[in-house]
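What follows is one structure encoded as structure tokens, with my remarks underneath.
The values are calculated or read from the model by the stated rules, or taken from the named source; none is laboratory data. Note that the coordinates shown come from a computational prediction; the quantities given were computed from them, not determined experimentally. Cβ atoms come from the backbone with ideal geometry, glycine included; neighbour counts cover every protein chain shown. Ligands, DNA and RNA are excluded from the accessible area calculation, which covers all protein heavy atoms including side chains. Shrake-Rupley method; radii C 1.70, N 1.55, O 1.52, S 1.80 Å.
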Amino acid sequence: GFVPGLFGTSHGALQFMAYEDLKERYNKYRNRVSDTKLNTVEYIMMAAVSKIFAVSATYPYQVVRARLQDQHNTYSGVFDVIHRTWR
């Protein structure tokens with residue numbers, strides 16, 4: 001479970017990366033210095049969009065992990081879980 005656990009930590013890293021990139025691009029679009037403070041609505045929007053990105057990228061992994069941990073089903077491995085879930 002160590003390696004899958006490490007992969008699970010990527011959610012926060014992806015969200016932080018997306019948040020910083022969105023903030024920088026937004027400030028550039030508004031012709032402001034890249035580290036300009038945002039207002040409350042802008043912060044909420046950047047946080048929401050970055051969270052949606054991180055969840056979209058990591059949710060499939062969490063489904064596979066949860067199904068592998070399910071004691072009521074037996075799978076032959078990760079690819080079996082993916083194949084049966086897709087089907």
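Computed values, structure above
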read-out	value
Near pairs, Cβ below 9 angstrom, 6+ apart or cross-chain, from region 23-40 (outside the structural domain of LYS51 (by the TED database) and under 21 Å from LYS51 (Cβ atoms)) to any residue that is charged (D, E, K, R) and open to solvent by 100 Å² or more (accessible area, probe 1.4 Å)	LYS23/ASP35; GLU24/ASP35; ASN27/ASP35
Scan of region 1-39 for residues that are in a helix (DSSP H, G or I), open to solvent by 100 Å² or more (accessible area, probe 1.4 Å) and modelled with pLDDT of 90 or more, ordered by number	PHE16, MET17, GLU24, ARG25, LYS28, TYR29
Failed item, numbered, when PHE53 is tested on (1) surrounded by 10 or more Cβ atoms within 10 Å (Cβ to Cβ); (2) over 17 Å from PHE7 (Cβ atoms)	(2)
In region 70-87, residue most open to solvent (accessible area, probe 1.4 Å) [restricted to those that are more than 30 Å from TYR19 (Cβ to Cβ) and part of a helix (DSSP H, G or I)]	TRP86
Residue count for region 60-73, restricted to those that are of a type outside the set (A, V, I, L, M, F, W, C), in contact with a helix residue (DSSP H, G or I) (Cβ under 9 Å, 6 or more places away or on another chain) and without any contact (Cβ under 8 Å) to a residue 24 or more places away in the chain	3
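Residue-by-condition table, conditions (1) within 25 Å of SER10 (Cβ to Cβ); (2) among the aliphatic types (A, V, I, L, M):
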{"site": "ASN39", "(1), (2)": "no, no"}
{"site": "LEU68", "(1), (2)": "yes, yes"}
{"site": "HIS72", "(1), (2)": "no, no"}
{"site": "GLY77", "(1), (2)": "yes, no"}
